[in-house]
Every structure is written in structure tokens, then in C-alpha cells.
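Just below is one structure, and these are the notes that go with it.
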Amino acid sequence: QRCVVLRFLKSPPNQNKTSEEILHHLQNIVDFGKHVMKQFFGENYVHHGEIIQLPLDFVRQLCLKIQPERPESRCDKDMDTLSGYAMCLPNLTRLQTYRFVEHRPILCIEIKPKCGFIPFSSHVSQEIKHKVCRYCMHQHLKVANGKWKRPSKYCPLDLFSGNKQRMHFALKSLLQEAQNNLKIFKNGELIYGCKDEQDGVSDWNELARHLKPFFFPSNGLVSGPHCTRTIVKELIHVITMSLLSSTDACRAGDMKTVPVSQGRSYCEASAFNKELVRNGKHKLESSGLPKGCLLYKTLQAQMLDMLDIEGLYPLYNRVEQYLEEFPEERSTLQIDGLYNEAFYEKLLDLSTEDDGTVAFALTKVQQYRIAMTAKDCSIMIALSPCLQDECSEQRPVVPTSKSRFTFSVSVLDLDLKPYESIPHQYKLDGKIVNYYLKNVQAKDDPVMSSLFKENEDCTLVLHKV
């Protein structure tokens, strides 16, 4: 009735926490959203929620009701039914800004953009990491491990380029191969997206049927492949315009992080880039993102990973060594919270000159955790059709050929990545790069590819057998 989301902690079956520990954990999540992520992304984009206490009987009934709906891969953890504490958050598949349009149909697109830059750190040991982005490399390992059937053509650098042509290509690729990077909801119900890990085949006609009333309310468009293409094109246009809109200022907006121009603005493995090279063009346009838009802020936060995991791992070990000697310092160093103003202020130190201290190492570790959080967040774009006379000046509106939408953009999945996951990240990075070098780059051997020079005429000779 209130259109809210309840979020419960989950934990492995044998790790039952006390009610106090659960309350403390939830409080940390709320504080982190409120005092840290809000500063990076801005007031309107971050919804940190509040902690509430529910009757235990209600929680147990709820748990039984949702258990059959949970994907098998998530059932290794149990929902907390003993403390009664939960987080109460707005339902971001609905419009956040205007309560009075709630009776309207609402479309919501959830995008997990992933990391939008190529490492620029001098600590990187393999040259390929300066050329091909992490997402494109990881795709090959995921397909090899059976997680997905095919690699996606999506490359995060295209989405973060600010160039509309590249952004359209990135979004079209996401719609073709959603994996767990794209979902579409209609009135809060999932209508498009990967329901299980293997099923990647997208049905655009089915999607177009759902979306037609939004984009062509008068139903003047014939059905069929042309109609489907037009609707998908309109959808991509609306998503692009919403992502480039800026509706909020934030404190970290003027942070002097490393300019993107220092690294490459494109990824050599991107299907868009390969297409350009094939057509004899080598210049990839990168228009840059408008400073106030959510993608720009996401990228700024991601780029707090200034040393790459290879440069960070020795610093993590330095902090670990210090904690072994002085375990009682863990709370003073704020490794598990408190996430307050002081914690945020320390993140603004962007020096990369290592002075050998634990303080320097810790700052870089905390910045890396923020960057990892920003690399894994989700962006929610809620859209609702608005009539000509309703679209007043103070509401953000995006026009399409036959209709207009009022929209709100939010960001979620902003829990701080655990300090303990850094060794895992280090190992995974090595695995991804080594797999790519051995199995993908080796196939693109320059000797072979030079035999088939681009755009040269070839003659095929058929011999009678």
C-alpha cells in the first residue's frame, strides 16, 4: 500500500548474528549511504532508507512466502527472521519525484553499467589492461566457465563516452544480451531481463508489445519487425537522454580526479570500435559526459581506483600487517565503520605519492572500496508518460516522436564492498587477464591477421573435384 521495499540481511546458515549485530550492520549501511555515497552522487540520486522493526510473526510468514521465488544461486544464504530489523526503502521501479503521477503506467529500466574506464596506473603489469577494459575481458572467462552462452557486445566505455552514437550502440547491445546488466519493469513487474543465468535470448517483439502503449499511445503504428525496431530505437533514445540529464549537485562533483583523457577513452575489444576499424576509421569520438549527470558522477567515484588492484594489493598487505600487530586499532581505523563525515573527508586525499605510512595505505584501500562499490552499482530510470499540458517547467521531461515522459533517475546497490574481498579481487584480476591473453589475444595473432589486410579485394578460386 505504501509502495516501499523491505530489505533484510541474509547470512550463511551457520552464522547467526545477534539482534544487536544485525542492527549495527544495517545502521552502517544507512550511514554509508547518507554520509558518503550521497556526497558522491547527490541528494536526489541516493535513497539510503531507514531502519524499522517488524513483528517477528510477519517476518516469518514473509520469509516462507518469498522462499520459492528466490533463485537457486542465492539460496546458500538465509534471510534474517530472528531480529525483526529491516531497511525500509522507496520502490525505485516507481517514479521518485512526483507522488501524484503514481496512478499512471510506469516503465523502469535498471542498468548495471560496470567499470567505465581503462586503468591508467603505472602499477599495471600487463600491457593488455591499458587497451582492453575489464568487462570485455571478463566476458570471455564467464563464457568459458559456463555462466553465459555468448559474450555480450556491450562495452561500458561506450556507454560512459557521452557520444550518443556509442551510447546507442552500448544500450542496443545490452538489450540484445541483457545478462544481469539490464532489466525492464512495467508497473513494478519484471517484463524483460535475464531470468536465469543461461537464458540470454531476448525477445524484442514481446518487449515491443509491452512498450507500444508508452511510445505510440494512439496506436497508429503497424505491428511487425518495423514497429519493433522503431520502439526499441525510441526506448534507447529515452534512456540516453535520461542518463545525460543532470538534476542534482553534490559535494564530490568538483573532485579533481584523474581526467579521463589520461587513459584511453575507448576499448580495443569493443564491437563498436572494431566496426570503425573495419570501415577504415581509427578515430573514436568521445564527447565527454555532462558534469552534473549520474554517469559522470559514477565515473568520478569509480576513478578513485587510481592504483589498480595491482598497485593496491601491497598497500592492503601493509594494513593487514599493522592490524596483526595492533588488532585493537581496527575500529580506530574505521575499517568496518563508523561511516561519518570524518570517513568521507579522508577519501578526498587524491595523492598517489606513497610515503610508506599505514595512513596512506589505508586511505587508498578505502578509496578502492568506494570505487568497487561504484563499479557495481545499478542505475534506475523510471519513466511515466505525461500529457502535453501537464509537462510544466519544473519537471524533467524527455520527448519522443509521439509522446513525452517525465522521469527520475536513482542509483542503488551502494553497500560498501567488504575490506576482506580485496585478496579475492587480486586473484580474479589475474585470472581474467591470463585467460584473455591465452585464449583470446593469441587467436588474434598479428601474423595471421596481416594476411587478410582490411578492405583488400580477394578472389575465390573454385577447383572442380
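The values are calculated or read from the model by the stated rules, or taken from the named source; none is laboratory data. Since the model is a prediction, treat every value here as computed from it, not as a measurement. Cβ coordinates were reconstructed from backbone atoms using ideal geometry, including for glycine residues, and neighbour counts include every protein chain displayed. Ligands, DNA and RNA are excluded from the accessible area calculation, which covers all protein heavy atoms including side chains. Shrake-Rupley method; radii C 1.70, N 1.55, O 1.52, S 1.80 Å.
Output yes when any residue across the range 241-258 is surrounded by fewer than 19 Cβ atoms within 10 Å (Cβ to Cβ), at pLDDT 85 or above and among the charged types (D, E, K, R), and no when none is. No; the residues of the range 241-258 include none that is surrounded by fewer than 19 Cβ atoms within 10 Å (Cβ to Cβ), at pLDDT 85 or above and among the charged types (D, E, K, R).
Elements of the type strands (runs of 3 or more DSSP E) sitting completely within the range 1-102 and holding at least 2 residues that are surrounded by 13 or more Cβ atoms within 10 Å (Cβ to Cβ) and either out of contact with any helix residue (DSSP H, G or I) (no Cβ under 8 Å at 6 or more places or on another chain) or in contact (Cβ under 8 Å) with a residue 40 or more places away in the chain (or both): these cover 4-7, 85-90.
Pairs linking a residue in the range 137-150 that is small (Gly, Ala, Ser) to a residue that is not in a loop (DSSP other than H, G, I, E, B), with Cβ atoms under 8 Å and 6 or more positions apart or on different chains, are Ala144/Tyr435; Ala144/Asn439.
Step by step: first the residues of the range 315-333, then only those that are assigned to a helix (DSSP H, G or I) and touching a helix residue (DSSP H, G or I) at 6+ places or on another chain (Cβ under 7 Å), then the one that is surrounded by the most Cβ atoms within 10 Å (Cβ to Cβ). Which residue is that? It would help to see each step written out before you state the result.
Initial filter on the range 315-333 (assigned to a helix (DSSP H, G or I)): 315-325, 327-329.
Still in the list and also touching a helix residue (DSSP H, G or I) at 6+ places or on another chain (Cβ under 7 Å): 315-316, 318-319, 322-323, 329.
Working: Leu315: 20, Tyr316: 20, Arg318: 19, Val319: 22, Tyr322: 17, Leu323: 17, Glu329: 13.
Of everything passing the filter in the range 315-333, Val319 is surrounded by the most Cβ atoms within 10 Å (Cβ to Cβ).
Return yes or no: is Ser122 open to solvent by 60 Å² or more (accessible area, probe 1.4 Å) and hydroxyl-bearing (Ser, Thr, Tyr)? The answer is yes for Ser122. For the range 103-112, check the following and say yes or no: at least one residue is over 20 Å from the mean Cα position of the chain (by Cα), part of a loop (DSSP other than H, G, I, E, B), modelled with pLDDT of 85 or more and within 30 Å of Lys291 (Cβ to Cβ). Yes, some residue in the range 103-112 is over 20 Å from the mean Cα position of the chain (by Cα), part of a loop (DSSP other than H, G, I, E, B), modelled with pLDDT of 85 or more and within 30 Å of Lys291 (Cβ to Cβ).
For the range 145-193, a residue qualifies if it is open to solvent by 10 Å² or more (accessible area, probe 1.4 Å) and part of a helix (DSSP H, G or I), and the qualifying residues are Lys164, Gln165, His168, Phe169, Lys172, Gln176.
Identify the residue in the range 125-144 that is open to solvent by 50 Å² or more (accessible area, probe 1.4 Å) and outside any helix (DSSP H, G or I) and, among all such residues, is farthest from Leu312 (Cα to Cα). This residue is Lys131. Residues of the range 287-338 that are in contact (Cβ under 8 Å) with a residue 40 or more places away in the chain and of a type in the set (Lys, Arg): Lys291, Lys297, Arg318.
Lys149 - would you say it is assigned by the TED database to the domain that holds Ala269, closer than 26 Å to Asp376 by Cβ and modelled with pLDDT of 90 or more?
Numbers: assigned by the TED database to the domain that holds Ala269: yes; closer than 26 Å to Asp376 by Cβ: yes; modelled with pLDDT of 90 or more: no.
In short, no.
In the range 263-281, the qualifying residues are those that are over 14 Å from Gly116 (Cβ atoms) and open to solvent by 70 Å² or more (accessible area, probe 1.4 Å), and the one that is modelled with the highest pLDDT is Glu268. Set side by side, the residues Leu312, Leu284 differ, and just one is crowded, with 19+ Cβ neighbours inside 10 Å, in contact with a helix residue (DSSP H, G or I) (Cβ under 9 Å, 6 or more places away or on another chain) and modelled with pLDDT of 85 or more, which is Leu312.
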